[in-house]
Every structure is written in structure tokens, then in C-alpha cells.
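Everything on this sheet refers to the single structure shown next.
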Amino acid sequence: QVQLVESGGGLVQAGGSLRLSCVASGSIFSANAMGWYRQAPGKQRELVARIAGGGSTTYVDSVKGRFTISRDNAKNTVYLQMSSLKPEDTAVYYCAVCRSPRYCADVDYWGQGTQVTVSS
């Protein structure tokens, strides 16, 4: 059984920063890729960052250079450091345990989501 608990969302001004955290239970965390998705009102859920079990990272183009995904396997935690935030980053952010050690095309477990709101 795997459970994910996100934290760190909130309201920030444009240009500000937030760090999201996701604490995972279970043994899957250290072996599988982890991802951060987001979903804005009226929009489809979008994978914004992925970190593979081996540590490699990928990002959607819109957040490259601004967001950093990392993981601390000893703490069963994955982070999303978000900097230079823009109003278009406003969304509910979801932590995900990916099915594969390398990819996040498929998700096995979802967190409940944490709201990020960026004001102009």
C-alpha cells in the first residue's frame, strides 16, 4: 500500500518561490520514478516534472529553468522547488508514483493535491 501526502502549496506573488514536498509510504518510492503533475481549472492534468529512480530529471518546457525536482530516498520524499513563479503556474499540484523506474506515462498512485496560486 502506498500513500502520498503533499504539502507546501499556497499563495505567492509572481516572481516568488515555493517548495512542494511529497512524503510517500511503501517500498515503491525508492525504485520508481516520481512525478509532479498540475491541473488548472478547465485544463487537463499535465506532467510538469519527473525524476527517475536513477535520479535523472525531465521537465515540461514551460517550467524549465524555474522548477527543480529532487528526491531524498532516506526520507521517502520528493520535492518540487518552484522559482520565478508566474500566474500561469496556478494549479493544483499532484505528486505521483510512476509505474516505471524511468518514465511517468502511467501512474500507480496519486496524492490528493496541493493548491498553488500565483498572483500578479
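The values are calculated or read from the model by the stated rules, or taken from the named source; none is laboratory data. Computed from a predicted structure; not experimentally measured. Positions of Cβ are generated from backbone atoms using ideal geometry, with glycine treated the same way; all protein chains shown enter the neighbour counts. For the accessible areas, the whole protein counts, side chains as well, though only heavy atoms, and no ligand, DNA or RNA atoms are used. Shrake-Rupley method; radii C 1.70, N 1.55, O 1.52, S 1.80 Å.
Within the stretch 26-35, which residues are farther than 18 Å from residue 60 by Cβ and either over 15 Å from the mean Cα position of the chain (by Cα) or part of a loop (DSSP other than H, G, I, E, B) (or both)?
Kept after step one, since they are farther than 18 Å from residue 60 by Cβ, are these residues of the stretch 26-35: 26-32.
Scanning the stretch 26-35 gives 26, 27, 28, 30, 31, 32.
Is at least one residue of the stretch 21-42 more than 18 Å from residue 108 (Cα to Cα), open to solvent by 70 Å² or more (accessible area, probe 1.4 Å) and among the small types (Gly, Ala, Ser)?
Looking for residues that are more than 18 Å from residue 108 (Cα to Cα), open to solvent by 70 Å² or more (accessible area, probe 1.4 Å) and among the small types (Gly, Ala, Ser), one finds at least one in the stretch 21-42, hence yes.
How many residues does the stretch 78-110 contain that are in contact (Cβ under 8 Å) with a residue 40 or more places away in the chain, within 19 Å of residue 1 (Cβ to Cβ) and surrounded by fewer than 22 Cβ atoms within 10 Å (Cβ to Cβ)?
5
Out of (1) farther than 15 Å from residue 49 by Cα; (2) assigned to a strand (DSSP E or B), the odd one out for residue 84 is which?
Answer for residue 84: the failing condition is (2).
Kindly establish whether residue 62 is open to solvent by 50 Å² or more (accessible area, probe 1.4 Å), in contact with a Ser or Thr (Cβ under 8 Å, 6 or more places away or on another chain), modelled with pLDDT of 95 or more and among the hydroxyl-bearing types (Ser, Thr, Tyr).
Details: open to solvent by 50 Å² or more (accessible area, probe 1.4 Å): yes; in contact with a Ser or Thr (Cβ under 8 Å, 6 or more places away or on another chain): no; modelled with pLDDT of 95 or more: yes; among the hydroxyl-bearing types (Ser, Thr, Tyr): yes.
So residue 62 fails the test.
Of these, 50, 38, 19, which one is in contact with an Asp or Glu (Cβ under 9 Å, 6 or more places away or on another chain), among the charged types (D, E, K, R) and not in a loop (DSSP other than H, G, I, E, B)?
Numbers: 50 fails: in contact with an Asp or Glu (Cβ under 9 Å, 6 or more places away or on another chain); 19 fails: in contact with an Asp or Glu (Cβ under 9 Å, 6 or more places away or on another chain).
The match here is 38.
Which of the residues spanning the stretch 1-25 are farther than 17 Å from residue 63 by Cβ and hydrophobic (A, V, I, L, M, F, W, C)?
Residues satisfying the conditions are 2, 4, 5, 11, 23, 24.
Considering only the stretch 43-59, state which residues are surrounded by 14 or more Cβ atoms within 10 Å (Cβ to Cβ), in contact (Cβ under 8 Å) with a residue 12 or more places away in the chain and under 23 Å from residue 85 (Cα atoms). Full working, then the answer.
Our first condition is that a residue be surrounded by 14 or more Cβ atoms within 10 Å (Cβ to Cβ); within the stretch 43-59, this holds for 45-53, 57-59.
Filter once more, keeping what is in contact (Cβ under 8 Å) with a residue 12 or more places away in the chain: 45-53, 57.
Matches in the stretch 43-59: 45, 46, 47, 48, 49, 50, 51, 57.
Considering only the stretch 65-77, state which residues are touching a residue at least 24 places away in the same chain (Cβ under 8 Å) and surrounded by fewer than 17 Cβ atoms within 10 Å (Cβ to Cβ).
73, 75
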